[in-house]
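Have a look at the structure below, then the notes.
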């Protein structure tokens, strides 16, 4: 995940079945950096959609900016990535498509996020609690407990507002109280 000086945020996620590197494939970690060379979410999504998706393992990407524009970009490992605008409102994207209720995390947590207090008041406590939730079956957990060499190692909450500086909260813990504000004043 990254944020540029124009308040464009870009986040990349693995698609199901594509964890880790693969011989001959570029790191998906460079995709947010490529997106953040742009001044708007629309331009960033368009730039990613022009790439050869076969250069990377499959990925999901979200790009958004402080104007409220948000896009989902899906790279399936061949052809060009597909981009689509995200409507206003709350969306949840994991290793599948947006709001994919076939994903247990989405089925369990999307209603919880939608009913949580809005973080627009600079109060992110409810979201911090949800993001660090380790309860439930393995496929339902947001903060994944260690198993098979994988686990959630950190979490972020990033708030973008039209007329205000972005707010980025980060924790390397599973404790909702341990989030700290990241100084992005030089961004």
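The values are calculated or read from the model by the stated rules, or taken from the named source; none is laboratory data. No experiment lies behind these values; they were computed from the predicted model shown. For neighbour counting, all protein chains shown are included, and Cβ atoms are generated from backbone atoms with ideal geometry for every residue, glycine included.
Residues in region 143-187 that are touching a helix residue (DSSP H, G or I) at 6+ places or on another chain (Cβ under 6 Å) and either modelled with pLDDT under 85 or assigned to a loop (DSSP other than H, G, I, E, B) (or both): 179 alone.
Scan region 26-34 and tell me whether some residue there is surrounded by 20 or more Cβ atoms within 10 Å (Cβ to Cβ), at pLDDT 95 or above and under 21 Å from residue 160 (Cα atoms). Within region 26-34 (the criterion being surrounded by 20 or more Cβ atoms within 10 Å (Cβ to Cβ), at pLDDT 95 or above and under 21 Å from residue 160 (Cα atoms)), the answer is yes, since at least one residue qualifies. Take residue 67 and tell me if it is surrounded by fewer than 19 Cβ atoms within 10 Å (Cβ to Cβ), touching a helix residue (DSSP H, G or I) at 6+ places or on another chain (Cβ under 9 Å) and touching a residue at least 60 places away in the same chain (Cβ under 8 Å). Taking the combined requirement at face value, the residue satisfies it. Within region 9-37, the set of residues being touching a residue at least 60 places away in the same chain (Cβ under 8 Å) and either closer than 23 Å to residue 183 by Cβ or touching a helix residue (DSSP H, G or I) at 6+ places or on another chain (Cβ under 7 Å) (or both) comprises just one member, 9. Among the conditions (1) outside any helix (DSSP H, G or I); (2) more than 19 Å from residue 144 (Cα to Cα); (3) free of Cβ contacts under 8 Å to residues at least 12 places away in the same chain, residue 77 misses just one, which is (3).
So, in region 111-124, of the ones that are in contact with a helix residue (DSSP H, G or I) (Cβ under 7 Å, 6 or more places away or on another chain) and modelled with pLDDT of 90 or more, which residue ends up surrounded by the fewest Cβ atoms within 10 Å (Cβ to Cβ)?
112
This table checks each residue for (1) touching a helix residue (DSSP H, G or I) at 6+ places or on another chain (Cβ under 8 Å); (2) over 22 Å from residue 152 (Cα atoms); (3) surrounded by 15 or more Cβ atoms within 10 Å (Cβ to Cβ); (4) outside the structural domain of residue 185 (by TED's automatic domain parsing).
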residue	(1), (2), (3), (4)
7	no, yes, yes, yes
59	yes, no, yes, yes
87	no, yes, no, yes
95	no, no, yes, yes
